[in-house]
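Asks: Please read through the structure below; I'll follow up with questions.
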Amino acid sequence: MSESDRVTPFFFESLPVRGALVQLKNSWHRIQLNQHYEQPVLEVLGHAAAASALIAQSLKFEGQITLQITGKGPLSMLVMQCTSDLALRGMARAELSGADMSYPDLMARAHCAITVDGEDMERPYQGIVEVCGESLAQSLEHYYERSAQLPSHVVLIGEQAVAGGLLLQRMPQGGELDEDDWRRLGLLAATLRAEELRDGAELALLAKLFAEDDLRVLESREVSFHCRCSQQRTEDVLRMLGVEEAEQALGSRGRIDVTCEYCGRLRSFDEVDVKRLFAPPAGQASSRLH
Ligand SMILES: [Zn+2]
């Protein structure tokens, strides 16, 4: 198992609190590959990657979560997806006037939503994350408190080298929790630093962060980059364009290049491909001959 990309769940023996620690390196580097995200965007994207893995690891069924931000401000689009098997992918589109931009400015006129999609669910569940506070972590804390009545401490780190974070949640059926204890755990979690996220160091790190508490650490799970794009899905998108637009897109070069925004994979279609895409199915064609 990869030492560098892991989620480690844990709970406290004598407090009704559970949590998880996430560290992303290879998968996070892969998300950044061939992209040139400016610092403020990189940070939010890293936070989104860590948050998505933290949420996805708690899913009790086969499915995936999508954290999506759409806006009319500097950040026009950010999508981060993580499956219950912890396969992660994500991208962002932004136009920044300056490299230095705060979270509230970056998220101006933006909406954030979390969609949970389960294989056995009739339709996906979507929750709106109100953009508030100074970070995505604060927005998510507010979301958990309001929509799920699940008080949470969320700490997120997003740097070029590493993304990661900590999630602490009060267990609804866990009994009483002293407010001072809850506040204390939040302050301890907030001391997490990027430099501490080292390969294979989860146990030592958690023991150090919560030295005074009897922590029970569960088995780590690997997070990996995986893009679900395929030839078939790309062809479906072209078909949805319609024959006229597809032919127009061929242009003078006689080729449509489609690059996946998540993994950067390029798929090219020429005139013959486009004809094939819009050709009636074989059965239909032959019936016309009679
Ligand atoms: Zn892809």
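The values are calculated or read from the model by the stated rules, or taken from the named source; none is laboratory data. Predicted model only: the values in this text are computed from it and were never measured. Cβ: placed from backbone, ideal geometry, glycine included. Neighbour counts: every protein chain shown. Side chains included, ligands, DNA and RNA excluded: accessible areas come from the protein's heavy atoms. Shrake-Rupley method; radii C 1.70, N 1.55, O 1.52, S 1.80 Å.
Asks: Which is in the same structural domain as GLN173 (by TED's automatic domain parsing), aliphatic (A, V, I, L, M) and open to solvent by 30 Å² or more (accessible area, probe 1.4 Å), of ALA137, ALA108? Break it down into steps so the answer makes sense when it comes.
Replies: On the way: ALA137 fails: open to solvent by 30 Å² or more (accessible area, probe 1.4 Å).
After applying the criteria, what remains is ALA108.
Asks: Does GLU219 fit the bill of being more than 21 Å from the chain's Cα centre (by Cα), under 30 Å from THR66 (Cβ atoms) and part of a loop (DSSP other than H, G, I, E, B)? Don't jump to the end; show me each part of the working.
Replies: Numbers: more than 21 Å from the chain's Cα centre (by Cα): yes; under 30 Å from THR66 (Cβ atoms): yes; part of a loop (DSSP other than H, G, I, E, B): yes.
When the stated conditions are applied, GLU219 passes them.
Asks: Check PHE10 against each of (1) open to solvent by less than 50 Å² (accessible area, probe 1.4 Å); (2) out of contact with any Ser or Thr (no Cβ under 9 Å at 6 or more places or on another chain); (3) assigned to a helix (DSSP H, G or I) and name the one condition it does not meet.
Replies: With respect to (1) open to solvent by less than 50 Å² (accessible area, probe 1.4 Å); (2) out of contact with any Ser or Thr (no Cβ under 9 Å at 6 or more places or on another chain); (3) assigned to a helix (DSSP H, G or I), PHE10 is out only on (3).
Asks: Condition test on ARG216, is it more than 19 Å from ALA137 (Cα to Cα), modelled with pLDDT under 95, surrounded by fewer than 19 Cβ atoms within 10 Å (Cβ to Cβ) and in the same structural domain as GLU38 (by TED's automatic domain parsing)? Before the answer, list the steps.
Replies: Values: more than 19 Å from ALA137 (Cα to Cα): yes; modelled with pLDDT under 95: no; surrounded by fewer than 19 Cβ atoms within 10 Å (Cβ to Cβ): yes; in the same structural domain as GLU38 (by TED's automatic domain parsing): yes.
Against the criterion (more than 19 Å from ALA137 (Cα to Cα), modelled with pLDDT under 95, surrounded by fewer than 19 Cβ atoms within 10 Å (Cβ to Cβ) and in the same structural domain as GLU38 (by TED's automatic domain parsing)), ARG216 does not qualify.
Asks: VAL217 - would you say it is away from the ligand (no atom under 16 Å from the Cβ) and touching a Ser or Thr at 6+ places or on another chain (Cβ under 8 Å)?
Replies: Working: away from the ligand (no atom under 16 Å from the Cβ): yes; touching a Ser or Thr at 6+ places or on another chain (Cβ under 8 Å): yes.
Judged against the criteria, VAL217 is a match.
Asks: Separate question: Would you tally the residues in region 272-290 being in contact with a Lys or Arg (Cβ under 8 Å, 6 or more places away or on another chain) and either at pLDDT 95 or above or closer than 30 Å to GLY90 by Cα (or both)?
Replies: Counting residues in region 272-290 that are in contact with a Lys or Arg (Cβ under 8 Å, 6 or more places away or on another chain) and either at pLDDT 95 or above or closer than 30 Å to GLY90 by Cα (or both) gives 1.
Asks: In region 171-213, which residue that is aliphatic (A, V, I, L, M) and part of a loop (DSSP other than H, G, I, E, B) is surrounded by the most Cβ atoms within 10 Å (Cβ to Cβ)?
Replies: Restricting to residues being aliphatic (A, V, I, L, M) and part of a loop (DSSP other than H, G, I, E, B), the top hit is LEU197.
Asks: Is it the case that region 38-54 has a residue that's assigned to a loop (DSSP other than H, G, I, E, B) and out of contact with any Leu (no Cβ under 8 Å at 6 or more places or on another chain)?
Replies: Filtering region 38-54 down to residues assigned to a loop (DSSP other than H, G, I, E, B) leaves 38.
So of that shortlist, the ones also out of contact with any Leu (no Cβ under 8 Å at 6 or more places or on another chain) come out as none.
The answer is no; no qualifying residue exists.
Asks: Another question about this same structure. Quick one: which strands (runs of 3 or more DSSP E) lie wholly within region 62-120 and hold at least 2 residues that are β-branched (Val, Ile, Thr) and within 23 Å of CYS263 (Cα to Cα)?
Replies: Details: elements: 63-71, 75-83, 87-94, 110-118.
Ranges flagged: 63-71, 75-83, 110-118.
Asks: If a residue has to be away from the ligand (no atom under 16 Å from the Cβ), of a type in the set (Ser, Thr, Tyr) and open to solvent by less than 70 Å² (accessible area, probe 1.4 Å) to count, how many in region 223-263 make the cut? Quick ask: steps written out before the conclusion?
Replies: From region 223-263, those away from the ligand (no atom under 16 Å from the Cβ) are 223, 239-256; that's our starting set.
Of the ones still in play, those that are also of a type in the set (Ser, Thr, Tyr) are 252.
Cutting the leftovers down to open to solvent by less than 70 Å² (accessible area, probe 1.4 Å) gives us none.
The qualifying residues number 0.
Asks: Looking at the structure I just gave you, is ARG198 in the same structural domain as THR66 (by TED's automatic domain parsing) and at pLDDT 95 or above? Spell out the reasoning first.
Replies: Values: in the same structural domain as THR66 (by TED's automatic domain parsing): yes; at pLDDT 95 or above: no.
No; evaluated as a whole, the condition is false for this residue.
Asks: Only one of these conditions is not met by LEU156: (1) in contact with a Pro (Cβ under 8 Å, 6 or more places away or on another chain); (2) touching a residue at least 40 places away in the same chain (Cβ under 8 Å). Which number is it?
Replies: (1)
Asks: Out of the residues in region 264-275 that are outside any strand (DSSP E or B) and within 26 Å of MET80 (Cβ to Cβ), state the one that is farthest from the ligand (Cβ to nearest atom).
Replies: Quick first cut of region 264-275, residues outside any strand (DSSP E or B) only: 264-265, 271-275.
Add one more test, that the residue is within 26 Å of MET80 (Cβ to Cβ), and what stays is 264-265.
Details: GLY264: 7, ARG265: 5 Å.
Looking at residues that are outside any strand (DSSP E or B) and within 26 Å of MET80 (Cβ to Cβ), I get GLY264.
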